[in-house]
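Below is one structure, written out as structure tokens; comments come after it.
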Amino acid sequence: MTSQSSLNIPASGSTVRISIIDTSLDAYLPTSHFFGPTIKGFEDFHAVAYGFLVTHIDKDGKERRIVFDLGTPKDLENDFPPPIFETIKAMFDRLKVEKYVSEILTEHGISLDSIESVVWSHAHLDHVGRPSLFPKSTSLIVGPGVKEAYYPGYPANSEAPVLSREFEGREVTELDFSPTDLEIGGLKAIDYFGDGSFYFLSAPGHAIGHLNALARTTEGTFIYMGADSFHHSSMLRPHAGFRLPTDVRLPSLCCAGEAFNAIHPLSNLDEHPEYYQSALQHPSNDKNETPFHTISQTPEGQSLAVDIQTARNVIGAVQKFDADENVLVIAAHDTSIYDVLEYLPKEANDWKDKGWKEEGRWLFLQDLKPALDLSGALGKPQ
Ligand SMILES: [Zn+2]
């Protein structure tokens with residue numbers, strides 16, 4: 001039996017064509033806002049943002065196109081409700097965006113009229129983009145509860161992360177996972193095109209109606225769109241399905257697996273807040289199969305996640321997909337694999353032949369290199 005049967009992905013010969021979109025976000029963000037505990041020397045991380053152009057072609061040659069995630073709209077001051085702009089100024093002072101996703105598509109000859117739907121993995125400012133730059137014939141697909149929470153947009157809805165123009169005159173479809181019996185990798189799934197080529201997955205916890213997606217890239221391979229289920233691969237790996245090897249090779253560093261053990265929070269667990277100790281303690285207490293970070297929280301129990309335990313459970317589900325050699329997991333902001341991936345107009349369907357998964361798996365460890373240097377785990381500082 002293949003490991004895909006353990007994920008319960010139904011067999012199908014139907015695929016979609018996938019292009020990864022570099023949405024042009026360039027941001028430096030505080031790690032503590034997203035994941036913890038803080039490892040000294042790793043206090044900020046660089047975030048890009050990926051979107052995906054998904055093209056389905058049926059037996060008669062009819063094309064249907066959707067775009068999964070629109071990144072951050074570039075005119076921060078005018079594209080957001082004032083309260084959201086104030087948040088950006090206060091918290092994300094090093095955040096730049098060069099282009100709208102609609103511009104990127106047009107530049108590559110993709111007619112916006114050909115986009116059936118745009119999808120928000122969730123309604124955070126770095127994913128909502130500018131649906132209003134697409135024709136009214138393009139619908140907006142959102143996860144459960146998003147429409148109820150934010151429709152019809154700001155100012156009528158003061159909680160909305162977008163202006164009312166983003167919803168106006170546009171069909172807004174809220175996915176409903178309640179009737180589905182299909183679960184893939186433990187997550188409720190909707191077979192969107194009805195032929196096993198593309199699934200929306202309910203991946204709750206990070207935000208209201210948070211979605212992931214699974215695209216069949218060849219008959220036996222898949223790209224998993226992880227959105228914000230994790231913000232840095234140190235929240236995902238290592239895990240039991242991908243143990244940290246002692247001879248892990250990085251471009252600037254060879255064979256440093258044991259050195260990374262020295263800065264793993266499990267090495268000095270009692271120096272971290274109790275709420276992190278309990279969240280990090282893996283049943284095996286094995287640093288080589290426990291991620292370096294978990295979703296951050298404050299002593300008061302505050303978290304970016306709307307439901308931190310559910311969001312942590314989703315990371316456990318994503319680890320099962322990640323453990324499958326035929327599934328490439330891409331989180332929205334995983335900059336560590338930026339130079340490994342190829343972008344629109346190129347397609348990503350042959351990722352496995354190109355070895356992207358092997359090449360990218362441990363690159364996130366490079367962000368922890370300054371922490372290694374600080375700790376002295378690599379030997380005496382120069
Ligand atoms: Zn995000």
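Observations on the model:
- Region 47-62 residues that are assigned to a strand (DSSP E or B) and within 16 Å of the ligand (Cβ to nearest atom), paired with ones that are open to solvent by 10 Å² or more (accessible area, probe 1.4 Å) and among the β-branched types (V, I, T) (beta carbon under 9 Å, 6 or more apart): A47/T335; G51/I104
- Answer from P135, P131 - the residue that is over 30 Å from P30 (Cα atoms) and away from the ligand (no atom under 16 Å from the Cβ): P135
- Residues (out of contact with any Ser or Thr (no Cβ under 9 Å at 6 or more places or on another chain) and open to solvent by 10 Å² or more (accessible area, probe 1.4 Å)) located in region 203-215: I208
- Test result for T218, under 29 Å from E342 (Cα atoms) and surrounded by fewer than 16 Cβ atoms within 10 Å (Cβ to Cβ): yes
- Residue count, region 224-257 (criterion: touching a Phe, Trp or Tyr at 6+ places or on another chain (Cβ under 7 Å) and on the phi > 0 side of the Ramachandran plot): 0
- Per-region count, region 293-313, residues in contact (Cβ under 8 Å) with a residue 12 or more places away in the chain and in a loop (DSSP other than H, G, I, E, B): 9
- Region 329-338, residues that are farther than 19 Å from E289 by Cα and either away from the ligand (no atom under 16 Å from the Cβ) or not polar (S, T, N, Q) (or both): I330, A331, A332, H333, D334, I337, Y338
- Residues of region 63-77 classified as of a type in the set (G, A, S) and either assigned to a strand (DSSP E or B) or in contact (Cβ under 8 Å) with a residue 60 or more places away in the chain (or both), total: 0
The values are calculated or read from the model by the stated rules, or taken from the named source; none is laboratory data. As the structure is a computational prediction, the values presented were derived from the model and not from experiment. Methodologically, a virtual Cβ is constructed for each residue, glycine included, from the backbone with ideal geometry; neighbour enumeration extends over all protein chains shown. Note: areas computed on protein heavy atoms with side chains; ligands, DNA, RNA excluded. Shrake-Rupley method; radii C 1.70, N 1.55, O 1.52, S 1.80 Å.
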